[in-house]
Amino acid sequence: MSATKPIRVGVVGFGYWGPNLVRNLDRLGDAELVAACDLSEANLGKMKALYPYIETTTDLASLLADHDLDAVVVATSAPSHFAIAQQVIAAGLHCYVEKPLTLKSSEAETLVRMADEAGVVLFVGHLMEYHSAVNWIRDYIASGELGDVLYLYAQRLNLGKVRTEENAFWSLAPHDVSIVLYLLGEAPDSVSATGAAYVNEGVQDTVFANLHFPSGKIANIHVSWLDPHKVRKFTIVGTKKMLVFDDMEATEKIWIYDKGVGAPTDAMSFGEDLTLRFGEIVAPFVPMKEPLSIEVQHFLDCCATGATPRSDGRDGLRVVRVLEAVGESMAAGGAPVGTVVEV
Ligand SMILES: NC(=O)c1ccc[n+]([C@@H]2O[C@H](COP(=O)([O-])OP(=O)(O)OC[C@H]3O[C@@H](n4cnc5c(N)ncnc54)[C@H](O)[C@@H]3O)[C@@H](O)[C@H]2O)c1
């Protein structure tokens, strides 16, 4: 969709990820990149070198007041999201916040309420909800081809980057949590999690989290920065078929296995009742488009029309509550912790 008049956008944060957002905003005709704010003069200098026409400042208040903006994109480090987004929404501007929306669910709730009251769009950068493969899988589940989803598990593993200010779940799992909730179309009612801190005291390097859903489905998310392999994989087991999404593969990211337990055509029989089905394995062709470009365009469309974004503030809140509850469960020795949020 094309906006009638370009959305005047300001950006806060031009560190590692901000430049990717700016690159997309710059090339989409629906946006007019007007001004940027960063506490780092050096990073503002890098932006000026690439985009000399963008006004820069280290003062958020002046960014919000002086440029007749419609919307602000926040790509600063997570601890600053709440304070910055509050100011953006209070200024009556549409607000895009990188994931995670906030560090506490109470803060995310505040932002959702503020945006509702101000009548502005609150958008969270849950990038994977705009990934072509994830959306292909969502459509495939909706088509019924997989049968009912029984359970799924996600693995995001690597050696490094070891962080000290947040555990591996906050660092690595926001994308997996958002994918799981998006694919299942429901939020969990509780989580239970186990993790261990080996490198830095109190900062879990590896976490196994179980998400329990009202429908009875379960999902496990395993993240670690202390692992010999780089893995970004989803496995979904349905009543008819099984699906693996391997985001490390360049092209064949999705594999569908016609495997299961039940009445087979090509089967290995175990006794009279139990038969295992080993059918064909297919890697469907899924056209890929840069997720960030789709995501940024969707944000601009929502700003233009007032539509509720796919990854809105409530979605951001649900993900933050899961991240928070995983920490609470680990602190309680793996006890189940409720995750239902209502705003
Ligand atoms: N969607 C994705 O795949 C993805 C990937 C990487 C990072 N991110 C997210 O993007 C955000 C930024 O991550 P990053 O890796 O670019 O961090 P970073 O530390 O590299 O960059 C943050 C920038 O924000 C600036 N900044 C910090 N506090 C500020 C404030 N109060 N006012 C103005 N500027 C401020 C810093 O000077 C820096 O330039 C995080 O929320 C992160 O989770 C998302």
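Quick one: which of LYS99/LYS161; LYS99/LYS289; LYS99/LYS217; LYS48/LYS99; LYS46/LYS161; LYS161/LYS240 span more than 28 angstrom between C-alpha atoms? Each step should come with its number before you reach the end.
On the way: LYS99/LYS161 18 Å; LYS99/LYS289 20 Å; LYS99/LYS217 25 Å; LYS48/LYS99 25 Å; LYS46/LYS161 24 Å; LYS161/LYS240 38 Å.
Where the Cα-Cα span goes over 28 Å, the pairs concerned are LYS161/LYS240.
Could you sort 144-150, 233-239 so that the peptide with the highest average Cβ count within 10 Å comes first and the rest follow in order? Walk me through the intermediate numbers first.
Values: 144-150: 15.1, 233-239: 19.7.
Peptide ranking by packing, descending: 233-239, 144-150.
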What percent of all Cα-Cα pairs in region 191-319 falls in each 10 Å bin, counting up from 0? 10, 21, 31, 27, 10, 2, 0
Taking the convex hull of the alpha-carbon atoms of region 89-228 and averaging its shadow over every direction gives an area in square nanometres of 10.3 nm²
Candidate span helices, the chain: DSSP H, at least 15 Å along axis from Cα coords, Kyte-Doolittle average at least 0.0, result 132-143, 174-184, 291-305, 313-331
For the chain, which whole-number percentage of the solvent-accessible area (1.4 Å probe, protein heavy atoms only) is attributable to carbon and sulfur atoms? 52 percent
If unit charges are put on Cβ atoms (+1 for Lys and Arg, -1 for Asp and Glu) and the dipole of the chain is taken about its Cα centre, the option from THR305, VAL282, PRO52 lying farthest towards the positive end turns out to be VAL282
Accessible area per residue for the chain in Å², computed with a 1.4 Å probe and the full protein assembly in place, what is it? 45 Å²
For region 286-330 and region 57-80, what is the separation of their Cα centres, given in Å? 20 Å
Positive end of the dipole of the chain, charges at C-beta (+1 Lys, Arg; -1 Asp, Glu), about the Cα centre: which of GLN87, TRP170, PRO228 has its Cα farthest in that direction? PRO228
What list of whole percents do you get for P(r) of region 1-103, with Cα-Cα distances grouped in 10 Å bins up to the one holding the largest distance? 16, 53, 29, 2
What spacing in nm lies between the two simple spin-label points modelled at VAL282 and ARG138, each 7 Å away from Cα in the Cβ direction? 2.2 nm
So for region 71-167, Kirkwood radius off the Cα pairs, Stokes-Einstein at 37 °C and 0.692 mPa s: how many µm² s⁻¹? 206 µm²/s
Averaged over all directions, how much area does the convex hull of the C-alpha atoms of the chain cover when projected, in nm²? 19.3 nm²
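With only Lys, Arg, Asp and Glu charged, each at its Cβ (+1 for the first two, -1 for the last two), find how big the charge dipole of the chain is about the Cα centre; round to the nearest 20 debye.
Working: 27 positive and 44 negative charges, 91 e Å.
Magnitude of the dipole: close to 440 debye.
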Stokes-Einstein at 37 °C, 0.692 mPa s, Kirkwood radius from Cα pairs: D for region 175-233 in µm² s⁻¹? 260 µm²/s
Around ASN135, what is the net charge, scoring Lys/Arg as +1 and Asp/Glu as -1 over all other residues with Cβ under 14 Å from its Cβ? -1
Sequence-distant aspartates and glutamates (8 or more away, or on other chains) whose Cα lies within less than 14 Å of LYS5: ASP30, GLU32, ASP68, ASP70, ASP301
Write down the Kirkwood hydrodynamic radius of region 77-117, to one decimal in angstroms, obtained as one divided by the mean of 1/r over all alpha carbon pairs. 10.0 Å
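If Lys and Arg each add +1 and Asp and Glu each add -1, what is the summed charge of the other residues whose beta carbon sits under 14 Å from the beta carbon of ARG321?
Working: positive: LYS99, LYS104, ARG314, ARG318; negative: GLU107, GLU109, GLU186, ASP189, ASP315, GLU324, GLU328, GLU342.
So the environment of ARG321 carries a net charge of -4.
Would you mind calculating the gained length between GLN86 and SER40 on full extension (0.36 nm times residue separation, minus the Cα-Cα distance), in nm to one decimal? Kindly include the intermediate steps, with their values, before the conclusion.
Working: separation 46, 0.36 × 46 = 16.56 nm, distance 2.09 nm.
Length gained between GLN86 and SER40: 14.5 nm.
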Nearest 0.05, what FRET efficiency do GLU117 and ALA332 give at R0 = 30 Å with Cβ-Cβ as r? 0.30
Treat every Asp and Glu Cβ in region 194-343 as -1 and every Lys and Arg Cβ as +1, leave all other atoms uncharged, and give the resulting dipole magnitude about the Cα centre to the nearest 20 debye. 200 debye
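The values are calculated or read from the model by the stated rules, or taken from the named source; none is laboratory data. Because the structure is predicted, anything quoted here is derived from the model rather than measured. Don't worry about glycine lacking a Cβ; one is built from the backbone with ideal geometry, like all the others, and counts go over all protein chains shown. The protein model used for the area step is the full one, side chains on, heavy atoms only, and it has no ligands, DNA or RNA in it. Shrake-Rupley method; radii C 1.70, N 1.55, O 1.52, S 1.80 Å.
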